[in-house]
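The values are calculated or read from the model by the stated rules, or taken from the named source; none is laboratory data. From a predicted model like this one, the values you see are computed outputs, not experimental measurements. Cβ placement follows ideal geometry from the backbone for every residue including glycine, while neighbour counts extend to all protein chains displayed. Remember, those area values only see protein heavy atoms, side chains included, never the ligands or the DNA or RNA. Shrake-Rupley method; radii C 1.70, N 1.55, O 1.52, S 1.80 Å.
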Amino acid sequence: MVSKKHMPGLFLAFGIAVVAYVINAILPSALLGATLIALLLGMLLNPIVMRTDSYDSGMKWTSKYVLRAGIILAGITLSFSQVIEAGKYALVLMVFTLATAFGVGYLCKKVFKINWKLASLLSISTAICGGNRSCNFRANYSCEKSGYCLRDLRYVPF
């Protein structure tokens, strides 16, 4: 339930959405899209907004409920043919991402002369994490004399 403590954050999120919508309407042929503009505005405002705690609870509520509802509503509007069409491109992108991650991992293994297990671990974590997360792991030499434990792989958000 929304309370008074949520209002500053809700109004800030609503304001960012309105400004992004207006900027998107001004730009020729929806060059960036309102979602990307809102994301960029949020990134620009983040250092200023983080200085005050009054927006925190409303922004958390917005990201938990409003964002989820928006994702669900966006998914509902997709037709099956649109999903299939996007899937073709997603498959190509996924193959390219995996090939790049494993190719760079192989090159790093050769250039830096690192263990094949570590190179594989870095390649897999890079392929999984992509641009959304930074992978952090810690070596544990007690598992094997020259290996790394998979249980020590942790994902750390940016």
Flagged pairs (Cβ under 8 angstrom, 6 or more apart or on separate chains; first in the range 12-33, within 20 Å of ASN46 (Cβ to Cβ); second polar (S, T, N, Q) and open to solvent by 60 Å² or more (accessible area, probe 1.4 Å)) are ALA20/THR35
*asked:* Considering only the range 107-116, I want to know if a residue exists there that is part of a helix (DSSP H, G or I) and of a type in the set (S, T, N, Q).
replied: no
Cβ pairs under 7 Å, 6+ apart or interchain, first in the range 54-77 and more than 18 Å from LEU39 (Cα to Cα) and of a type in the set (Phe, Trp, Tyr), second surrounded by 11 or more Cβ atoms within 10 Å (Cβ to Cβ) and modelled with pLDDT under 80, ordered by first then second residue, are none
